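The values are calculated or read from the model by the stated rules, or taken from the named source; none is laboratory data. What you see is a predicted model, and the numbers here were worked out from it, not measured in a lab. Please note: Cβ atoms are built from the backbone with ideal geometry, for glycine as well, and neighbour counts cover all protein chains shown. Heads up: the accessible areas ignore ligands, DNA and RNA and are worked out on the full protein's heavy atoms, side chains in. Shrake-Rupley method; radii C 1.70, N 1.55, O 1.52, S 1.80 Å.
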Amino acid sequence: MAAGAGLLVLLAGAAGLLVMYSGVYDISAIEQHTAPVYRALEIGMRNAVRRRAAGIETPPLDDEALVRRGLRCFHDNCVQCHGGPGIAPADIAKGLQPVPSSLAQTARDWRPAELYWVTRNGIKMAGMPAWAYRMSERDLWATVAFLERLPHLGVREYRELLDTVAEEACMQPEGEHEADPRRGLAALRQYACHGCHRIPGIRGPDVYVGPPLERFAERAYIAGVLPNTRENLVRWITKPQSVSPLTLMPDLGVTEAHAHDMAAYLESLR
Amino acid sequence: MRRRAPCIRASPAVILGATLYLIACNGEHVPHVTVAGGNADRGRLAVESYGCGACHVIPGVPGARGLTGPPLNSFARHVYIAGELPNEPELLVRWIRDPPSLAPQTAMPNLGVSEATARDIAAYLYELR
């Protein structure tokens with residue numbers, strides 16, 4: 001009986017894989033998911049967020065300065081996809097599937113810790129980016145503080161509040177810490193390095209835009225010009241064009257601390 | 001008693017096997033690049049005699065395990081040469097002949113390779129997919 005059920009599950013799984021492999025499932029972002037697939041994805045996402053946010057303690061969020069700070073982060077980083085009061089999402093967001101929905105609804109329905117968790121970690125296969133590597137801890141919570149206010153703002157209130165907010169951009173995570181290869185592995189993914197490089201330990205596309213980074217620890221040179229030392233590697237990662245003005249490796253805005261973490265990981269590849 | 005068709009009894013193994021097989025063998029098609037006047041067999045021998053393997057990992061070339069320059073496995077798939085030049089036959093030939101003329105700071109030296117030999121070498125490197 002149990003064996004039969006197990007076999008059935010295995011078969012269903014294999015059949016599912018075959019359907020994916022064969023290419024019959026329509027991945028076009030113009031066509032909708034079938035209703036069962038859509039429901040399954042939404043419910044799975046919602047429950048995953050609930051479960052992971054359960055243990056997170058929410059700091060006080062009603063401080064007015066924190067809310068204003070959060071508005072800056074929201075206006076600069078979220079509106080382009082989710083829209084805001086009287087503001088449409090940008091064109092790049094309109095064709096996304098799943099659609100980035102209005103956060104005024106989400107803020108009413110979700111607990112602050114859940115908003116924090118999703119903002120910090122993003123959602124796989126949904127186009128919702130993780131912000132942990134682009135916002136400090138304080139600014140993540142500030143954004144949540146503002147989201148709590150969002151459903152209470154009309155168009156005029158939103159504009160008025162925005163006028164009182166400093167232009168100073170939302171902060172990158174501050175971070176003085178010892179270089180850590182495990183954090184480096186996550187940082188490499190969070191700065192999209194694997195969009196151009198094959199990197200051992202990262203499952204990513206089969207790309208050769210930059211050289212594959214396997215056995216990087218044993219390489220004598222970085223990009224064929226700098227001796228492979230920690231200091232040079234950090235310099236290359238943070239400012240490649242200062243080393244080779246015509247290099248096709250762009251400046252990805254990597255913080256010094258994240259570059260040290262990445263270097264620690266690359267130096268472990270033998 | 002109803003008899004089960006044999007194809008149904010075989011299906012678990014068949015579906016699983018087929019799935020695993022298909023997933024394991026699903027690479028991109030890499031188009032073949034030809035180099036005018038180049039001969040890959042001669043190229044492989046030239047790579048060996050010029051000692052390119054002292055600085056590069058090069059499949060098919062005995063002892064080519066150097067890590068001064070980037071490994072050349074699957075070089076045919078690389079999009080750029082030395083991170084600055086589109087990976088195209090004529091540029092590759094020029095690179096093999098005289099790297100510093102294309103990237104002044106590069107650590108790869110001019111090894112005095114002739115035009116004809118560079119074409120052979122380029123043909124071989126494009127076999128590395």
Fill in: Checklist (1) out of contact with any Lys or Arg (no Cβ under 9 Å at 6 or more places or on another chain); (2) under 18 Å from A:T164 (Cα atoms); (3) surrounded by 13 or more Cβ atoms within 10 Å (Cβ to Cβ) applied to A:E64, failing item
(3)
Response to the item:
Of all helices (runs of 4 or more DSSP H) fully inside segment B:48-129, the set with 2 or more residues that are in contact with a Gly (Cβ under 7 Å, 6 or more places away or on another chain) and touching a residue at least 60 places away in the same chain (Cβ under 8 Å) is B:115-125
Worksheet item: For segment A:190-209, how many residues meet the condition of being hydrophobic (A, V, I, L, M, F, W, C) and within 12 Å of chain B (Cβ to nearest Cβ)?
Response: 3
Discussion item. Consider segment A:235-263. How many of its residues are among the aliphatic types (A, V, I, L, M), farther than 21 Å from A:S136 by Cα and surrounded by fewer than 21 Cβ atoms within 10 Å (Cβ to Cβ)?
Written reply: 3
Worksheet item: Restricting attention to segment B:31-83, and to residues there that are within 14 Å of chain A (Cβ to nearest Cβ) and basic (K, R), which single residue is least open to solvent (accessible area, probe 1.4 Å)?
Response: B:R77
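In segment A:34-58, which residues are surrounded by 13 or more Cβ atoms within 10 Å (Cβ to Cβ) and either outside the structural domain of A:W110 (by TED's automatic domain parsing) or assigned to a helix (DSSP H, G or I) (or both)?
Matches in segment A:34-58: A:Y38, A:L41, A:M45, A:R46, A:A48, A:V49, A:R50, A:R52, A:A53.
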Response to the item:
If we keep only residues of segment A:1-25 that are open to solvent by less than 80 Å² (accessible area, probe 1.4 Å) and in a loop (DSSP other than H, G, I, E, B), then the residue farthest from A:A126 (Cα to Cα) is A:G23
Worksheet, complete the sentence: Taking segment B:45-93 and the residues there that are in contact with a Leu (Cβ under 9 Å, 6 or more places away or on another chain) and charged (D, E, K, R), the one that is farthest from A:A223 (Cα to Cα) would be B:R77
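Inspect all residues belonging to segment A:160-170 and state whether any of them is among the β-branched types (V, I, T), over 19 Å from A:A53 (Cβ atoms) and open to solvent by 40 Å² or more (accessible area, probe 1.4 Å).
There is at least one residue in segment A:160-170 that is among the β-branched types (V, I, T), over 19 Å from A:A53 (Cβ atoms) and open to solvent by 40 Å² or more (accessible area, probe 1.4 Å).
Matching residues to (1) of a type in the set (S, T, N, Q); (2) in the same structural domain as A:Q97 (by TED's automatic domain parsing); (3) closer than 21 Å to A:A104 by Cα; (4) open to solvent by less than 70 Å² (accessible area, probe 1.4 Å):
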site: A:D139; (1), (2), (3), (4): no, yes, yes, yes
site: A:V144; (1), (2), (3), (4): no, yes, yes, yes
site: A:R149; (1), (2), (3), (4): no, yes, yes, yes
site: A:L185; (1), (2), (3), (4): no, no, no, yes
site: A:R189; (1), (2), (3), (4): no, no, no, no
Worksheet entry | Qualifying position, being small (G, A, S), within 25 Å of A:A54 (Cα to Cα) and not in a loop (DSSP other than H, G, I, E, B), among A:A93, A:A132, A:A126, A:A113 | A:A113
Fill in: Qualifying positions in segment B:88-129 - open to solvent by less than 30 Å² (accessible area, probe 1.4 Å), in contact with a strand residue (DSSP E or B) (Cβ under 9 Å, 6 or more places away or on another chain) and closer than 25 Å to B:H29 by Cβ
B:L92
Worksheet item: Has segment A:209-230 got at least one residue that is modelled with pLDDT of 95 or more, more than 29 Å from B:R129 (Cα to Cα) and open to solvent by 50 Å² or more (accessible area, probe 1.4 Å)?
Response: yes
Worksheet entry | Residue identified as within 11 Å of another protein chain (Cβ to nearest Cβ) and polar (S, T, N, Q) among A:T247, A:T255 | A:T247
